[in-house]
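Colleague: Supplied in structure tokens, the structure appears directly below.
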Amino acid sequence: MEWKVSGLTLQQKVGQMFICGFDALTPNDHARTLIEEHKVGGIVYFRRNVQQLSQLAELSASLQAMAASGGQLPLIISIDQEGGMVARIDHEGISRIPGNMALGATGSEEYSYQVARIGGQELRALGINMNFAPCLDVNNNPLNPVIGVRSFGEDPKAVAGLGSAAIKGYQEEGVSATAKHFPGHGDTSVDSHLGLASVPHDRARLEQVELYPFKRAIESGVDAIMTAHIAFPAFEPGGIPATLSHAVLTGLLREEMGFEGLIVTDCLEMHAIAKEYGIPEGAVRSIEAGADCVLVSHTLSDQQAAISAVIEAVTSGRIPEERIDASVERILALKKRNADKVGTLEQVDLDLLNGRVKDYLKEIAGKGVTLVRDNNQLPLAEGEPVLVYWPELLRATQVDEAWSRSYTLGDALTKRGSNVTEIRIGTDLSDEEVEQALKNAGDYSQIVVATYTSESRLPEGQRKLVEGLLSLGQGKLIVASTRNPYDLNDLPNIPAYLCCYENTPNYMDALADVLFGKVKPEGRLPVSLNDSHPIISRA
């Protein structure tokens, strides 16, 4: 197939605008239908597509071969590999790069750049050429249920600097970065997977806060920007989500901000679009608004209906074909630019890469762990028994976490020769479970509770457990949040509090070293917890 829009049929052009997913480890009938019949321009991977690294590399090669055999252009193969708590690939051999808020706690743009380079090189070796990262949302709402630690923090300038560094790192390694979620998902209290959120601020505030990191991303030459399924009345008074708003995508992003790259929708199967508008109509409206790539991640019938709806909208005259052509021109330009940057697993020894960066990633973790409060609780006494309460994730969440079952804080402490008893608890506990957990405290004089909050507030069972341990008054009590730093707000009386921002192995190792005084916690709060614990700037 030639790299010209004029050489494509309408079906091929519309297909190029869709990025779709399927549930299999090898190309199945679903994938073949997408590529051979509907000529889709891109594929999105989830954890369901990954069993091991060699299998994933082969899957990418097979999908590209399938497209080539049909005379099609190379595929965009994309993934959400943000790092930290959002990692579709966490298999042996892949570097476990830190997430955004953990990087935000270090304040280092160099770390952000190098981490993105590491991630980009590995993704490219696996045949992945677009990452739906970095997240440039400014997380200034403690009750945000979906962004949280996926944000670099609440300072727009810090988010912009760290995000632009990540964009540079990914794109230098031949992986298109995707800044998200435009115009900003940080100040919401509704998860757009489940419903429509609104950011009600006026234009002046939005330009100073939410839009600032995206302006810097555009200046940095970001290849793609992903839209938010969120209403912004300051730009679109009709309550229409940004993904479907011509005023936001074309008027603001294209014309005012001068973005010339790809505008990619967030998945249209999310309830904010699917339940309010329907996926086929959402696809048509997003393209009318100015989107170049439409993401429909899961269901073949929804993907087919959306593609057919767009073709029908063009043939009926609702969408001018020139509008389609403009998007496809951008898609082809990006694909052509990246065509000579194809990597293979054979070209990059991931074991060697992992060995080279392992100490570096541990260094970053040590710089990110944040000591918020310590009333003479640290360090723990070596050689004396330690009781650890560890929250094990028992159900799937919107983001991907497997660490809580494979490597725990107890494992990290034990590895350091500590006499550890670890009690694994659920992320929420019934009153009966809290009572039993308190009985298990016995006579321990050193207790560490790792808290875990996946949404906006610390689960009540975890709060009751910590309050119960406080009332026992048995000696040292240290709480370490292993995700949401705002847990302190639900535990105002605890004597010692540390933030790790993620429960990944490197951060549990770093936390263990901090608990025993082997490492000084150098992280600074990238978000304000409350009036007593404000954001700490590194400026």
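Colleague: Determine the alpha carbon to alpha carbon distance for each of 335/367; 39/215; 39/358; 215/336; 157/362; 168/367 and list only those over 29 Å.
Modeller: Over 29 Å apart, Cα to Cα: 335/367; 39/215; 39/358.
Colleague: Rounded to the nearest whole Å², what accessible area per residue is found for the chain with the 1.4 Å probe?
Modeller: Result: 36 Å² of accessible area for each residue.
Colleague: Where does the range 1-132 land on Rg/Rh, using Cα atoms and the Kirkwood Rh?
Modeller: My calculation of the ratio gives 1.04.
Colleague: Then there is this: Carbon and sulfur atoms: what percent of the 1.4 Å accessible area of the chain do they account for?
Modeller: Within the chain, the accessible surface is 47 percent carbon and sulfur.
Colleague: Could you sort the peptides 86-98, 19-31, 102-114 by per-residue average Cβ neighbour count (10 Å cutoff), highest mean leading? Write out the running numbers ahead of the final one.
Modeller: Numbers: 86-98: 20.2, 19-31: 18.4, 102-114: 23.5.
Ranked from most to least packed, the peptides come out as 102-114, 86-98, 19-31.
Colleague: According to the square roots a ≥ b ≥ c of the eigenvalues of the Cα gyration tensor, what is the shape class of the range 415-539, taking rounded for a/c under 1.5, prolate for a/b larger than b/c otherwise, and oblate for the remainder?
Modeller: It is oblate, given that a/c is not under 1.5 and a/b is not larger than b/c.
Colleague: Give me the dipole magnitude in Debye, nearest 20, for the chain about the Cα centre, with unit charges on the beta carbon: positive for Lys and Arg, negative for Asp and Glu.
Modeller: Magnitude of the dipole: close to 740 debye.
Colleague: Do you know the relative contact order of the chain, to the nearest whole percent, from alpha carbon pairs under 8 angstrom that are 6+ apart?
Modeller: RCO, the chain: 15 percent.
Colleague: Of all DSSP beta bridges in the chain, what percent run antiparallel (nearest 5)?
Modeller: Here the share of antiparallel DSSP bridges comes out near 15 percent.
Colleague: Here is a further query. For the ranges 304-313, 476-485, what's the packing order if you count other beta-carbon atoms within 10 Å of each residue, average per peptide, and put the highest first?
Modeller: 476-485, 304-313
Colleague: Determine which aspartates and glutamates satisfy two conditions relative to residue 4: a Cα distance under 19 Å, and not lying fewer than 8 residues away in the same chain.
Modeller: Correct list for residue 4: 260, 292, 321, 322, 325, 329, 340.
Colleague: Let me have the relative contact order for the range 77-139, percent, based on Cα pairs under 8 Å that are six or more residues apart. Walk me through the numbers before you get to the answer.
Modeller: Working: 58 pairs, mean separation 30.0, N = 63.
Taking the mean separation of contacting Cα pairs over the length of the range 77-139, I get 48 percent.
Colleague: Give the cross-link partners of residue 520 among the aspartates and glutamates, using a straight C-alpha distance below 19 Å as the criterion and excluding same-chain residues fewer than 8 apart.
Modeller: The qualifying aspartates and glutamates are 359, 363, 374, 382, 502, 509.
Colleague: Each residue of the range 480-492 in turn: what ³J(HN,Hα) in whole Hz from Karplus with 6.51, -1.76, 1.60 and θ = phi - 60°, glycine and Pro shown as x?
Modeller: In residue order, the calculated couplings are 10, 6, 9, 7, 6, x, 6, 4, 4, 5, 9, 9, x Hz.
Colleague: Would you please report the Å³ per residue occupied by the convex hull of the alpha carbon atoms in the chain? Numbers along the way, then the final one.
Modeller: Numbers: hull volume 73.1 nm³, N = 539.
Convex hull volume per residue, Cα atoms: 136 Å³.
Colleague: While we're looking at this one, here's another question. Rounded to the nearest 500, what is the 222 nm mean residue ellipticity of the chain from helices alone, with -39500 (n - 2.57) per DSSP H run of 4+ residues and division by all residues?
Modeller: -11000 deg cm²/dmol
Colleague: Report, by chain and number, residues whose modeled amide H sits under 5 Å from the one on residue 81, excluding near sequence neighbours (fewer than 5 apart, same chain).
Modeller: Amide H to amide H, under 5 Å and 5 or more residues apart or across chains, residue 81 pairs with 132.
The values are calculated or read from the model by the stated rules, or taken from the named source; none is laboratory data. Note that the structure is a prediction, hence the values are computed from the model and not measured. For neighbour counting, all protein chains shown are included, and Cβ atoms are generated from backbone atoms with ideal geometry for every residue, glycine included. Keep in mind that these areas ignore ligands, DNA and RNA; they rest on the heavy atoms of the full protein, side chains included. Shrake-Rupley method; radii C 1.70, N 1.55, O 1.52, S 1.80 Å.
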